[in-house]
Structures are given as structure tokens and as C-alpha cells.
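The values are calculated or read from the model by the stated rules, or taken from the named source; none is laboratory data. Since the model is a prediction, treat every value here as computed from it, not as a measurement. Because the Cβ atoms are built from the backbone with ideal geometry, glycine has one as well, and the counts that use them run over all protein chains shown.
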Amino acid sequence: MPSDDRVQPVLAALEAPIRAFHSTLVATAEEVRGYLATRQSTWAARVARVRAELGPLAAGRVDAERFAELFDGHQEVDPIAIETMTRALDALTALAARSDRLCRVEVAPDASLHEAVGRALAEIGRAFGAARIVHEVRAGRYKPGSDDRPAEALPFARWTRAERRLGPPLVVRVPGSALRAAALAEFLDGRQRIVLVVEGECAPVPLVRLVTPGTFVLQTADAAGLDRLLRWDGPGIAALVPDGAARFVHDPAAGAHAWERVTLESVPDRVPRKAIGGLSATQQAEELELLQSLATRPAGAGPRAGEPAGGPGAAPGAGEPADKLAAWILSRVDLSDLG
């Protein structure tokens, strides 16, 4: 499918963080499996394990049973805790088995983008819930009847600061009619990355309302710029948008002021004439004005960081995206009756 042709390059660009999270799931599951195996072993099995660890040179010289009694620190734990650990292991194993499918989201035309992303992150949160309960059991702090339920989803709102930096990126395929990206703001924290693959017509700048000083924002035609998203040590969102939408990047590392951080690559040639994705033509035009205000260099401001004085950014030509967008806004007609 053509849409799959657009998703696969995104998955390839995000392969490293997706693979790292999957490896963490597998390693954690193996650690829990080993922990359970030792706690559930019989006394005979424990003695046999100690005898094997002592090796053949100890045979006839060291009493393996006495050694295990004195030095084998693996004590049996509460059966309820063992059952909880087993459920945690089941959750980790199931999540690991999904591989990169855990990071893929499909949004139907009549569905909510916010709810779909929230469900996907809550499912990923099961791994953090499982890890929490494992930590509590191993530390001897587990209390039966606590609220920790590793088999259940853990919403993003309940993730810790550390967990928000460990979650894998999401790749979300969404039709333009369901693209209400501003609702995703609550998920852009820590180092969470979201990449939207937009199908069909969409508003010109669906991501502009997500521009904040610490959030990387990218609207692009393909996956070529996603390496910059991954280099940013903070939250970020990108959208692969169709022809007719603006292309821009907001890079928090590019400067202290919005005009230094926002780079316009292309803007629409036509005025919005109809509502798209729940936004009226007037709202779409206002979002374009917002993008223009963010990208406009104040009078008397110096060059961007790393830009020579008198360089391309010092005096934009009439054909540059910022001027083109300004001219576009000035030429628009009264759209009050089109929304």
C-alpha cells in the first residue's frame, strides 16, 4: 500500500530507539524469569544448583546442603508476591513479543487521535507497571492488595519523570480528517517522540500549536529530517504531511528566541477555502499567521546562531518562505462566512 511505503521509512529512521526499548523488555523479562525460577525451586533443586556452582573440585570436600543452608541467600517469598511477579513476567513477555507493532498506531477516519495515542502509550506503560512491582518485590516492600497491577495499562499521566524519558517513539498513521494534533500536547514530555504519517488532505500547519521552547516540532514531506528529532534530548513531534501543507522545523537547540528556532521551508500557495479536520478556513489562516509570527525576525535583531552577519537570514528576499507567507496572509480575503 502507498501508506505503508511512507510508514516503513519512518520505522527505519526510528529503528534504534525502538530496538533499544524492545531489548530492555526482553532483558527485564529474562531477569524476572530467572528470579522466579530461583524462588520457586525446591530445596533439592537449590542444593543441586549450589553443588553445580561449587564445581567438581568441591565434591567430597564441601557439604553442598550445609553450604546452601548457610550461604544460599535465596529465601522463599510470599506466594501472592510470586503470583504478582508471574503476572508481571507475562505482561513483559507479551509486550516484547509485539516488537515494533507496540509502537505503531492506526487511527480510523472517525476516531480520536488523542484517544488512540493515549491507548498506545498506556499499553506501553504496562511495562513500567510490571517493572515497578518487580522492584517492590525484590526490595521486600511489596504489600499484597496494593494498587500496582502489572497486567493492566498504565496511562501516560501516571508515568514518572524517568519513565517519560524511556518510552519508545510512536508512529501514528492518521487521516487528515482526524488530525487534531494540538490535543497531543499532554504527551509531549520527557523524551517522548511521536511521528504522524498523514493520509489525505490536512490543514496547512497542524503542528504549529505544539511549538513550545522545549519541544522539537517538524512538518516535512518524508522521513529525511527525523534524525534531528532523535538528536534532540527532549520531547518532539513530527508529521509527514501531503502537498499543500507547510514545511517547517522548530528546533529548541537553535536559539533562545522563537524566530531563531523556527525555519520555514515552504508554505501553501493558496488560501484555505474550506474546513479540514474540524478547523474552519479562518482557524487555518490564523494558524498560518501564528507560524508567521513565530518565524519573523524582529527589527534590528542580529543573525541567527551560526549565521554570518548579512547572511541569508539578515535580509530575507521576496521569494523566501517567510515573506511568501506574509504576502499570502495579507492577500487573503474575508473568510468569516467560510467556516
How many residues of segment 271-302 are at pLDDT below 85 and either crowded, with 18+ Cβ neighbours inside 10 Å or touching an Asp or Glu at 6+ places or on another chain (Cβ under 9 Å) (or both)? The answer is 2
Per the list (1) modelled with pLDDT under 95; (2) in contact with a Phe, Trp or Tyr (Cβ under 9 Å, 6 or more places away or on another chain); (3) assigned to a helix (DSSP H, G or I), residue check on residue 148 breaks on (3)
For segment 5-20, pairs from a residue that is among the hydroxyl-bearing types (Ser, Thr, Tyr) to a residue that is surrounded by 17 or more Cβ atoms within 10 Å (Cβ to Cβ), with Cβ under 8 Å and 6 or more apart or across chains, are none
If I filter segment 200-214 for residues that are surrounded by fewer than 24 Cβ atoms within 10 Å (Cβ to Cβ), modelled with pLDDT of 95 or more and touching a His at 6+ places or on another chain (Cβ under 6 Å), do I get at least one hit?
yes
Of the residues in segment 164-207, those that are of a type in the set (D, E, K, R) and closer than 21 Å to residue 222 by Cα come to 173, 180, 193, 199, 201
Residue pairs qualifying under the 8 Å Cβ cut-off, at least six apart or on distinct chains, with the first in segment 158-174 being part of a loop (DSSP other than H, G, I, E, B) and the second being basic (Lys, Arg) and surrounded by fewer than 22 Cβ atoms within 10 Å (Cβ to Cβ), are 167/191
If we take segment 224-301, then helices (runs of 4 or more DSSP H) inside it with 1 or more residues that are over 19 Å from residue 209 (Cβ atoms) and touching a helix residue (DSSP H, G or I) at 6+ places or on another chain (Cβ under 6 Å) are 226-231, 258-261
Considering segment 215-253, residues that are over 18 Å from residue 205 (Cα atoms) and surrounded by fewer than 16 Cβ atoms within 10 Å (Cβ to Cβ), and then whichever is modelled with the lowest pLDDT, we arrive at 224
In segment 94-115, anything surrounded by 15 or more Cβ atoms within 10 Å (Cβ to Cβ), of a type outside the set (A, V, I, L, M, F, W, C) and more than 16 Å from residue 10 (Cβ to Cβ) is listed as 114
Within segment 194-223, the residues that are part of a loop (DSSP other than H, G, I, E, B) and either under 22 Å from residue 278 (Cβ atoms) or of a type in the set (Ser, Thr, Tyr) (or both) are 200, 201, 202, 203, 204, 205, 206, 207, 211, 212, 215
Considering segment 222-281, residues that are among the polar types (S, T, N, Q) and touching a residue at least 40 places away in the same chain (Cβ under 8 Å), and then whichever is nearest to residue 181 (Cα to Cα), we arrive at 280
Across segment 214-236, the tally of residues that are under 13 Å from residue 165 (Cβ atoms) and either among the polar types (S, T, N, Q) or in contact with a Cys (Cβ under 9 Å, 6 or more places away or on another chain) (or both) stands at 0
Whether any residue in segment 175-190 is in a loop (DSSP other than H, G, I, E, B), buried (at least 18 other Cβ atoms within 10 Å of the Cβ) and touching a Cys at 6+ places or on another chain (Cβ under 9 Å) is what I want to check. yes
Only unsatisfied item for residue 289, checking (1) over 17 Å from residue 177 (Cα atoms); (2) charged (D, E, K, R); (3) without any contact (Cβ under 8 Å) to a residue 40 or more places away in the chain, is (3)
